[in-house]
Amino acid sequence: MSDEVIVQNCAPTLAGIKTGNLFSAEFESKQKFLEDVRLLNKRLSPKGLRIIPMRYMEKRVLLYLYRPSHLRQDLSSQEAYSILMGMGYNCASPEECIIKLIKKLKSAADFPHEIGLFLGYPPEDVRGFIENNAANYKLIGTWKVYGDEAKARETFNKFEKCTSVYCRQWKNGKSIEQLSVAV
């Protein structure tokens with residue numbers, strides 16, 4: 001997994017304006033890959049970031065790059081708590097919620113819709129997605145919007161601009177550590 005793939009897929013999280021991103025990467029050896037993840041965590045943890053494998057498939061892995069401090073704050077909202085409890089989560093800690101999410105990713109036929117809460121999506125939009133079976137949304141961008149369209153549109157634009165700037169800076173020689181904002 002290259003740093004470039006992380007910059008392309010996770011710029012808003014690296015910048016500290018998004019809780020987390022999911023992306024997939026290829027790997028040859030699971031052991032070598034896990035060593036790469038450990039080294040990457042050593043590089044990024046001083047910036048308040050963490051990366052964990054969520055699900056392995058053939059020669060690809062689904063990865064979650066996130067900011068534990070942001071996730072803790074996001075999951076502490078009453079609406080997020082209510083959604084997760086209704087989906088069978090024990091909300092004692094964000095880490096326990098991640099463990100439950102990993103189990104659901106491994107065992108469920110469908111992608112768990114509550115995953116948006118782990119990515120920083122507004123709980124009202126996650127609830128709307130679940131209750132409407134992904135239909136009847138007002139706007140689509142990084143996620144499907146059921147609540148505040150104007151705020152979502154502003155956030156989508158901010159994420160797009162951030163990704164563009166970060167990819168350009170990466171191509172101009174900035175390292176992933178330099179691009180990662182300490183929050």
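The values are calculated or read from the model by the stated rules, or taken from the named source; none is laboratory data. Worth saying up front: this structure is predicted, and the values here are computed from it rather than measured. Cβ coordinates were reconstructed from backbone atoms using ideal geometry, including for glycine residues, and neighbour counts include every protein chain displayed. Heavy atoms of the whole protein, side chains included, go into the accessibility calculation; ligands, DNA and RNA do not. Shrake-Rupley method; radii C 1.70, N 1.55, O 1.52, S 1.80 Å.
Numbers below:
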| read-out | value |
| --- | --- |
| Net charge dipole size for the chain [Lys, Arg +1 and Asp, Glu -1 on Cβ; Debye, nearest 20] | 480 |
| Percent breakdown of C-alpha pair distances by 5 Å bin, ordered from the shortest bin, for the chain | 1, 8, 16, 19, 21, 18, 11, 5, 1, 0 |
| Accessible surface, the chain, averaged per residue in Å² (probe 1.4 Å) | 54 |
| Linear extension gain, Ala135 paired with Val165, 0.36 nm per residue minus alpha-carbon span | 7.6 nm |
| Nitroxide proxy distance, nm - points 7 Å out along Cα→Cβ at Ser45 and Ser107 | 2.9 |
| Calculated over region 1-67: convex hull of Cα atoms, volume per residue (Å³) | 68 |
| Exposed-loop-free span, longest in the chain, where GluC sites (Glu not before Pro) count as exposed if DSSP calls them loop and at most 16 other C-beta atoms lie within 10 Å | 59-183 |
| More than 23 angstrom apart: percent of Cα pairs within region 12-110 | 30 |
| Stretch in the chain that is longest and holds no trypsin sites (Lys or Arg not before Pro) that DSSP places in a loop and that have at most 15 other beta carbons within 10 Å | 60-137 |
| Spatially proximal aspartates and glutamates relative to Lys171 (Cα-Cα < 16 Å; intrachain offsets below 8 disregarded) | Asp3, Glu4 |
